[in-house]
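Notes follow once the structure below has been shown.
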Amino acid sequence: MPQVLVLADHAEGRAKKTTLELLAAARRLGEPAAVVVSAAGPSAQLTEELARHGATRIYAVESADAHDCLVTPTVGALELAVREASPVAVLVPATVEGNEVAGRLAVRLDAGLLLDAVDLDASGTATQIVFGGSYTVTSRVTHGTPVISVRPGAFEPEEQMTEAVEQPLTLPSVDPAGSARVIERRPAPAGDRPALTEASVVVSGGRGVAGPEGFKVVEQLADALGGAAGASRAAVDAGYYPHQYQVGQTGTSVSPQLYIALGISGAIQHLAGMQTSKTIIAVNKDPEAPIFSIADLAVVGDLFSVAPQLTEEVTRRKG
């Protein structure tokens with residue numbers, strides 16, 4: 001069976017949820033093989049985790065520049081693995097960094113590129129949401145090895161234990177003139193909630209939350225459900241919530257099992273970033289709010305009345 005290369009996004013020796021989703025997507029096309037780029041090789045825990053989710057081969061690419069250079073070592077590692085494996089496709093997460101890696105790799109391989117796929121079939125045909133969420137299209141690469149970025153949350157991780165074979169690859173040093181280099185790192189404000197791309201439940205607030213204090217209602221419901229808190233662009237632009245939590249076309253695209261929109265009218269750029277969520281619940285005082293057109297459950301009402309009641313009921317049932 002032909003191999004499908006998956007870029008293994010990892011942190012602190014563990015695979016991120018997006019990587020496990022990509023392994024599930026890869027099985028539709030062929031035999032999943034993970035590409036791990038690091039300064040010292042994959043940890044035993046990461047190797048076991050990748051094998052448990054179906055990776056039959058792990059290309060361990062060691063690069064002294066992996067930690068200090070932006071994307072260039074990752075692109076080089078994937079190119080090296082493609083030359084080694086001759087895969088039928090390369091899958092990367094459709095994050096800001098992942099899309100840049102995909103674009104650069106496609107240029108190096110002289111290959112077709114598909115961004116932000118929300119589904120894949122056995123022929124390699126991808127489903128995409130385009131033009132700000134206005135259309136759903138299907139696309140397939142007809143030249144070279146397809147390079148495809150897949151939206152986080154589009155696939156569910158599936159355990160399928162394999163005996164993964166580790167194959168080391170050595171990447172030459174990066175030319176300093178050809179790559180941006182990290183000179184300082186500052187940790188992002190940490191919290192107990194999962195990241196937007198990792199969460200199976202996302203609760204977002206919009207302009208209807210009416211201010212930073214109003215986001216406590218959003219956070220309380222997210223915490224009760226064990227999910228992530230997000231915000232619309234309008235809320236972020238108004239200074240209600242930090243930019244890194246923006247959901248939408250110009251923020252983070254998500255596709256969780258459950259998406260709850262509180263006080264979000266449904267601007268097209270927001271819908272483009274969340275409309276592939278499996279179940280959508282919207283709460284808005286305006287019965288004509290555009291978001292109701294895609295909601296599985298529409299609640300016309302005051303979010304400051306509805307959300308606390310929902311939080312209380314969820315907490316009661318969990319207790």
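Readers should treat all values here as calculations from the given coordinates under stated rules, not as data from a laboratory. All figures in this text were calculated on a predicted structure; none of them were measured in a lab. In this analysis, Cβ positions are derived from the backbone assuming ideal geometry, glycine residues included, and neighbour counts consider all displayed protein chains.
Miscellaneous remarks
- Simple Cβ-charge dipole of the stretch 1-150, Lys/Arg +1 and Asp/Glu -1, about Cα centre, in debye nearest 20: 340
- Which of Gly273, Ala117, Thr145, positive extreme of dipole for the chain (C-beta unit charges): Gly273
- Approximate shape of the stretch 55-199 as ellipsoid semi-axes (Cα gyration tensor, √5λ), whole Å, largest first: 25, 21, 18
- Beta bridge orientation in the stretch 3-178: antiparallel %, DSSP, nearest 5: 25
- Ranked for footprinting exposure by Cβ neighbours inside 10 Å, fewest first, Thr311, Thr74, Thr162 give Thr162, Thr311, Thr74.
- Put in line by how crowded their Cβ is, counting other Cβ atoms within 10 Å and starting with the fewest, Glu163, Glu184, Glu62 read Glu184, Glu163, Glu62.
- Of the options [x] 20.5, 60; [y] 23.1, 78; [z] 21.4, 72, only one is Rg and Dmax of the Cα atoms in Å as computed from these coordinates, and that is [x].
- Here the peptides 172-182, 100-110 are ranked by packing, the mean other Cβ count within 10 Å, and the order with the highest first is 100-110, 172-182.
- Total lysine pairs under 22 Å (Cα atoms) in the chain, excluding pairs fewer than 8 apart on one chain: 4
- In terms of surrounding Cβ atoms within a 10 Å radius of their Cβ, Val217, Val88 rank from fewest to most as Val88, Val217.
- The helix-only estimate of mean residue ellipticity at 222 nm for the chain, built from DSSP H runs of length n ≥ 4 each weighted as -39500 (n - 2.57), is -8000 deg cm²/dmol after division by the residue total.
- Each Lys and Arg Cβ is given +1 and each Asp and Glu Cβ -1; about its Cα centre, the chain then shows a dipole of about 360 debye.
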